[in-house]
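Below is one structure, written out as structure tokens, with a few remarks after it.
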């Protein structure tokens with residue numbers, strides 16, 4: 001996927017693909033009443049709502065109230081996704097996140113409902129329903145997949161305008177590697193990242209020992225997602241700037257060389273970006289790969305956008321970016 005965009009282009013195009021993302025949220029809503037009706041004769045009059053640490057049901061709700069509550073909860077996500085589809089003049093990026101988050105909310109609610117139903121089928125006494133076990137990680141994986149599907153359903157971003165002219169003559173240039181493979185810098189989990197991951201792993205261990213491993217699984221999934229954000233690969237080649245996440249370099253964000261105005265060295269401050277990882281600046285124009293405070297580069301893009309990158313070698317990175325901007329087809 002490519003990054004950024006101008007306001008006019010962000011607001012245009014892609015209506016059919018966005019509608020597909022919205023329909024995924026609606027489908028999650030429909031799952032609740034459809035499965036309730038299909039399995040009505042196999043479900044008890046009341047459904048379990050909560051299990052205590054001893055894996056015993058300590059709260060139940062009537063079937064009717066449960067269906068109503070879960071349907072309303074899932075519908076709230078669909079409403080959020082609908083905002084991303086309606087012609088309200090929103091930026092494309094904001095539309096995609098509204099649809100994605102809305103579908104994720106609907107998917108979470110529908111997933112919890114399906115888990116509850118699976119544990120309640122053919123159970124006469126709801127207080128004797130078995131506690132969730134493998135259902136918890138299955139729910140997390142399913143919701144993650146559903147969210148990725150909704151994100152992908154929105155399609156690629158609209159084409160961005162090419163930058164005008166070439167980088168200023170006084171900006172540094174560095175020749176591209178002769179083998180044509182580009183320049184790559186890999187960032188692993190930093191010391192700051194370990195301060196985030198170690199407490200999460202300790203929490204997962206405590207939950208696994210005191211309760212069970214299934215309860216600890218959401219925390220372990222969170223550790224995996226945080227690691228994905230903290231491990232990244234920055235590549236600059238004649239085609240543009242590419243940021244890959246995780247050990248396999250996916251997901252991947254690219255900025256075409258034709259959109260680059262120029263690059264200069266800068267000092268990155270984590271406090272200005274509100275944290276680490278791939279961040280959006282509060283001014284809505286800036287995006288950044290922020291791995292620590294310190295040296296970095298600021299890449300000016302067409303349409304008033306910019307990209308800030310933390311790097312150990314800002315002089316080389318800025319020079320390469322200006323070189324690919326010189327070579328780009330406008």
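Quick notes on this structure:
- Single match in 127, 115 (criterion: more than 30 Å from residue 303 (Cα to Cα), touching a strand residue (DSSP E or B) at 6+ places or on another chain (Cβ under 7 Å) and either part of a helix (DSSP H, G or I) or assigned by TED's automatic domain parsing to the domain that holds residue 59 (or both)): 127
- Selection count where residues are outside any strand (DSSP E or B) and surrounded by 22 or more Cβ atoms within 10 Å (Cβ to Cβ), scope the stretch 258-304: 3
- On the stretch given as the stretch 142-166, residues that are touching a residue at least 40 places away in the same chain (Cβ under 8 Å), over 30 Å from residue 261 (Cα atoms) and surrounded by fewer than 19 Cβ atoms within 10 Å (Cβ to Cβ) total 3.
- Test: residue in the stretch 185-200 that is at pLDDT 90 or above and either over 15 Å from the mean Cα position of the chain (by Cα) or surrounded by fewer than 16 Cβ atoms within 10 Å (Cβ to Cβ) (or both): yes
- Search result, residues across the stretch 175-184 that are touching a strand residue (DSSP E or B) at 6+ places or on another chain (Cβ under 8 Å), assigned to a loop (DSSP other than H, G, I, E, B) and modelled with pLDDT of 85 or more: 176, 177, 182
Residue-wise test of (1) under 25 Å from residue 147 (Cβ atoms); (2) in contact (Cβ under 8 Å) with a residue 60 or more places away in the chain; (3) surrounded by fewer than 15 Cβ atoms within 10 Å (Cβ to Cβ).
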{"site": "31", "(1), (2), (3)": "yes, yes, no"}
{"site": "34", "(1), (2), (3)": "yes, no, yes"}
{"site": "44", "(1), (2), (3)": "no, yes, no"}
{"site": "54", "(1), (2), (3)": "no, no, yes"}
{"site": "64", "(1), (2), (3)": "no, no, yes"}
{"site": "69", "(1), (2), (3)": "yes, no, no"}
{"site": "73", "(1), (2), (3)": "yes, no, no"}
{"site": "78", "(1), (2), (3)": "yes, no, no"}
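- Scanning the stretch 305-321 for residues that are within 15 Å of residue 255 (Cβ to Cβ) and either in contact with a helix residue (DSSP H, G or I) (Cβ under 7 Å, 6 or more places away or on another chain) or in a strand (DSSP E or B) (or both) yields 306, 307, 308, 309, 311.
The values are calculated or read from the model by the stated rules, or taken from the named source; none is laboratory data. Predicted model, so just to flag it, every value in this text is computed and none were measured. Here the Cβ is made from the backbone with ideal geometry for all residues, glycine too, and neighbour counts use every protein chain on show.
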